[in-house]
Each structure stands twice: as C-alpha cells, then as structure tokens.
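Participant: The structure under discussion is supplied below as structure tokens; questions concerning it will follow.
What follows is calculated from the coordinates using simple rules that are stated; it is not laboratory data. Every value quoted in this text rests on a predicted model; they were computed, and no experiment measured them. Cβ coordinates were reconstructed from backbone atoms using ideal geometry, including for glycine residues, and neighbour counts include every protein chain displayed.
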Amino acid sequence: MDRHISLPSDRLPRAWYNLQGDLPKPLPPYRHPGTGEPLTPDDLAPLFPMELIKQEVSQERWIDIPEPVREKLGIWRPTPLVRARFLEEALGTPARIYYKNESVSPAGSHKPNSAIAQAYFNAAEGIRSLSTETGAGQWGSSLAFACAHFEVACEVFMVRISYDQKPYRRTLMQTWGATVHASPSPETEAGRKVLAENPDSTGSLGMAISEAVEVAAGDPKTHYALGSVLNHVCLHQSVIGLEAKEQLASVGEEADVVIGCAGGGSNFAGIAAPFVADRLEGKSIRFLAVEPSACPTLTRGRYAYDYGDLVGIAPLTPMLTLGHSFVPAGIHAGGLRYHGMSPLVSALCQEGIVEAAAYDQGSVFDAALLFSRTEGVLPAPESAHAIKAAIDEAHRCTREEKSECIVFNLSGHGHFDLTAYQRYLAGDLVDAELPEEDLARQLDSLPESSAIDA
Ligand SMILES: Cc1ncc(COP(=O)(O)O)c(C=O)c1O
C-alpha cells in the first residue's frame, strides 16, 4: 500500500465546510468589550472586511471558495495524507496511523490556508494594509506570504519570546515584505504600558493582539487579521479535514480517532469539523484536542465570556479561558501559548464531542524525536503535541488489541525551532506546570457577568 495518499489538484475543495450550520445549538454571540451588548457587524467593520464578518456568523453549511483563493491554495494544496508505517512499526501497534501533512505549505504550517483567504477578502474590499500578531511566527509568516500575493502591506507584532528564539522566522516575514516588531513594543499605547510595568516582559499572544488591534482601529485604511480562534479562520481551515476524508475514503479507511493540537483552535477545527459532521449523524468517531500543560485552556480553563486580548479592546468571546491576563511560561510551542480557545472548539468540548489532553514539554519533545527518527519530518513543537497523543492512542490500541484508524494533523514542521531541539538534546528544557493558586488568580480577572447562558 502507498505511504503517500495524494489527491489530484482538481480535488482541492471548491467550498469550505461550516460546522456552525450543523451544530445542535448556535454558538453564543460575541459581546462588545465596552457595553457587553451582542456585537453587531458595524462594530467589527473597522477591523474586518464585510465578507469575513458574514462568514463569522454564517449558518450556511457550505461557503464557496473564490477562484483566486483556490488558485493560490493550489501552490501547495492538496496536501498529502501519509500512513505513518515506520512509526507504527517502532511502536509495535496494531493501530493504523495517518497524518495530514500541512507542513508542506510555503510558510511551513496550516496557517496560510486562512492567510490567503483573509488577504484576498481584504484586498477585494480595497484594504491596502493589515496588522496582526504572531506567536510562533507561523501566522505572521503566512500572512506576510499571503499579503505579498495580493499587494497588501503587512505589519506583524511578534511575541517577544519567539522574536528572540526564532530570528529566522522574522527574516522570513521580512523577505515576504512584512514589518516586524517584538511585542510588547514601543509602537502602541498597549505595548508602552506593559513595557513601563515590566521592561523584560516575554510577551503573550493576548498582548500582541492588543497591539495589532490598536494599530488597525487607529487607521481606516488598515484592517486587522487574526490567525486562529474566530469562526471564519476555522472555516478556512476546513480544507484540511475535507481533503483528509476524501483521501481516507480513497484507500477504504474511516477514522476512529481524529487528533489535533489546539492553540487558538483553528487547525484542530480544520481537521476535525468535517468528521464532526459524521459524528453528529451517528458515526462513532472520537476527537482529541491536545494542549501544553503549561497553558491548559481546555483541561483547566473556565467556559465564560472573556476578552480575546490582554488590554480588553477585543470582543468578549464565549470560550474556554485561563483569564485574559494570563501570561504562559516560555515553553517552545509558542503557537499554543494563548489564554483562550475558539468558541467553536470550546462549545464542542462543553458538549462532550471533543475530549482534551494536556502534556508536559518533555514528553512532547520525546514524541517529536521518535516521529522525526521514524517518519523523517521534524515536527513543529506545537504539532508534536498531536503526535504525542497519537502515540498514546496507539499504545492504548496495543493494550486493547484493537486495530483502530488514528488520524492526526501534522500542523507544521520545526525547521525554525532548532533552538528548541538543541536545548532538548542538551537536556536543558525546563518544564512548567501551572499552580492551582496562580490559575485561580487569573480566573478572578474575568470580566463581570462573564457567565454564558446555557
Ligand atoms: C505549527 C503550529 N501548529 C499549531 C498551531 C496552533 O494553531 P491553532 O491556533 O490553529 O490552534 C500553531 C500556531 O501558531 C502553529 O504554528
């Protein structure tokens, strides 16, 4: 049997799948950060183009992918689905393990799937400049790449710790034409305030979002782009799961377990949503979202309204959250250091459709090493969380003598994460757990009346 299950280029999906259209109950609305009232399209118009605002609340199951977006996605899509036979052999498992290889994109991850769409819809409405944040640098690179294709300028606020750990990600963004600032930065009021209190701040995604939103809100010609969390981002990522389903079907397989790491939730939603549709129709498929134990939003967070950013200028979002002022420890999976989670993924967890698991950094890098030595691809530390969970599921199959089909999303490669691998190999990785009292203090910072109506 082939290891690589590819799809011909004309099988690149023609429409995105919108899970919102199939949910048993609608997602709670976003609320205005100042008034607490449900958000209107006009509230979002200074930040996003109207097409994306419509997608954010759409209940249509299918939304056509514009041809210019398909054309650009075709630079690297459809991506391969790979049977991880060498990993299976090393584990001695009866399970069949497949991974969807999103690392083959120009930026090296799933993020360009949404970056291309966002740059296109902004350009189509006459926007000539986008501001954004980036954690691991993957989203910033992806938006820089996408903006270059649609002649849109790109300004990136990069979380300080990643800025320092990954100088070449910065260079990649600059190569594609973006301007990059370390966040917190002196460029914005939000950044200056944090720097005044703590000049050595390592930053956080919540902080970088505050800076990027501030820039867009202050300039009518600039919009803001978010690389995860929001419904329209999860929608754009559905190409991952749509292709994977077709690839599995082409070799007569059906998924028993679908796994993805979860930072803001978009790559997980992307691989999972088309399979969740089958589960809602009665198929028995399990879903596993995986996070670092240093930033345990899914496993220890509270389901509540919280700000999407540190300062509280982004909308109140119904989600699992650790509190918007939470600054996670400086683990190497920078893309998983976010205090909140996509409303869609949060709701799926609340409904018991999605299970969550949290792993410490050391065990995640052990899994990454085994994967790279068997399958050859050096995974991003974020993606290695999904690998660790897939390995644990395979061990369960061995114990239970079951030959299940395990599918995980390899959301990115780790070629810009070699400092992290160097530290791991030298035995210098430090693990960080979140003490209960620290979490309680963070949750105290939730806004008043944060409860979500059942
Ligand atoms: C390689 C990689 N995987 C996963 C993630 C997390 O993605 P999401 O926010 O879509 O959950 C990131 C975020 O930067 C990433 O870079």
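Participant: Calculate, axis by axis, the spread of Cα positions in the stretch 1-149 along the three principal axes, and write the results as whole Å, longest axis first.
Facilitator: 57, 39, 31
Participant: On to the next question. Among the lysines, which have Cα under 28 Å from the Cα of K193 when same-chain residues fewer than 8 positions away are ignored?
Facilitator: Qualifying lysines at Cα under 28 Å: K166, K221.
Participant: Once the stretch 248-401 is represented by equal point scatterers at the alpha-carbon sites, with solvent omitted, what log10 I(q)/I(0) does the Debye formula produce at q = 0.12 Å⁻¹?
Facilitator: -0.53
Participant: So, in nm, how far is label H32 from label L195 when the simple model puts each one 7 Å beyond its Cα toward the Cβ?
Facilitator: 3.3 nm
Participant: While we're looking at this one, here's another question. What is the pair-distance distribution P(r) of the stretch 1-71, computed from all Cα-Cα distances in 5 Å bins starting at 0, with each bin given as a whole percent?
Facilitator: Calculated over all Cα pairs of the stretch 1-71, the distribution is 3, 12, 17, 16, 17, 13, 9, 6, 4, 3, 1, 0 percent.
Participant: Now a separate question. Using the alpha-carbon centroid of each, what span in Å lies between the stretch 259-294 and the stretch 114-192?
Facilitator: Between the Cα centre of the stretch 259-294 and that of the stretch 114-192, the gap is 27 Å.
Participant: Let me ask something else about it. Just for the chain, what percent of DSSP beta bridges are antiparallel, to the closest 5?
Facilitator: Of all bridge pairs located within the chain, approximately 35 percent are antiparallel.
Participant: Please report L195, L410, L226, L172 as a ranked list, fewest other C-beta atoms within 10 angstrom at the top and most at the bottom.
Facilitator: Listed from fewest to most nearby Cβ atoms, that is L195, L172, L226, L410.
Participant: Based on DSSP loop calls and a cut-off of at most 10 other Cβ atoms within 10 Å, the longest stretch of the chain free of exposed GluC sites (Glu not before Pro) is what?
Facilitator: Values: sites that count: E151, E281, E401, E448.
It runs 1-150.
Participant: At each listed q (0.09, 0.11, 0.13 Å⁻¹), what is the log10 of I(q)/I(0) that the Debye formula gives for the chain modelled as equal alpha-carbon point scatterers?
Facilitator: Relative scattering, expressed as log10 I(q)/I(0), comes to -0.51, -0.78, -1.15.
Participant: Can you sort T321, T175, T188 so the residue with the fewest Cβ neighbours within 10 Å comes first?
Facilitator: T175, T188, T321
Participant: Please give me the summed charge of the neighbours of P343: other residues whose Cβ is under 12 Å from its Cβ, Lys and Arg +1, Asp and Glu -1.
Facilitator: Net local charge, P343 excluded: -1.
Participant: Can you tell me what the convex hull of the Cα atoms of the stretch 340-394 projects to on average, as an area in nm²? Mind dumping the intermediate values first?
Facilitator: Numbers: hull surface 18.0 nm².
Averaged projected area of the stretch 340-394's Cα convex hull equals 4.5 nm².
Participant: Still on this structure, I have one more. Distance from the Cα centre of the stretch 425-452 to that of the stretch 1-78, in angstrom?
Facilitator: Each part reduced to its Cα centre gives a spacing of 30 Å.
Participant: In the chain, if the dipole is taken from +1 on Lys/Arg beta carbons and -1 on Asp/Glu beta carbons about the Cα centre, which of Y421, P29, S346 is farthest to the positive end?
Facilitator: Positive-end residue among those listed: Y421.
Participant: Something else now. Restricting to DSSP H runs of at least four residues, report the calculated mean residue ellipticity at 222 nm for the chain, -39500 (n - 2.57) per run over all residues, nearest 500 deg cm²/dmol.
Facilitator: Only helices count here, giving -12000 deg cm²/dmol.
Participant: Okay, moving on. Which order results if S103, S131, S250 are arranged by neighbouring Cβ count within 10 Å, fewest first?
Facilitator: S250, S103, S131
Participant: Using a basic spin-label model with each label point 7 Å from the Cα along Cα→Cβ, how many nm lie between T40 and L425?
Facilitator: Output for this residue pair reads 5.9 nm.
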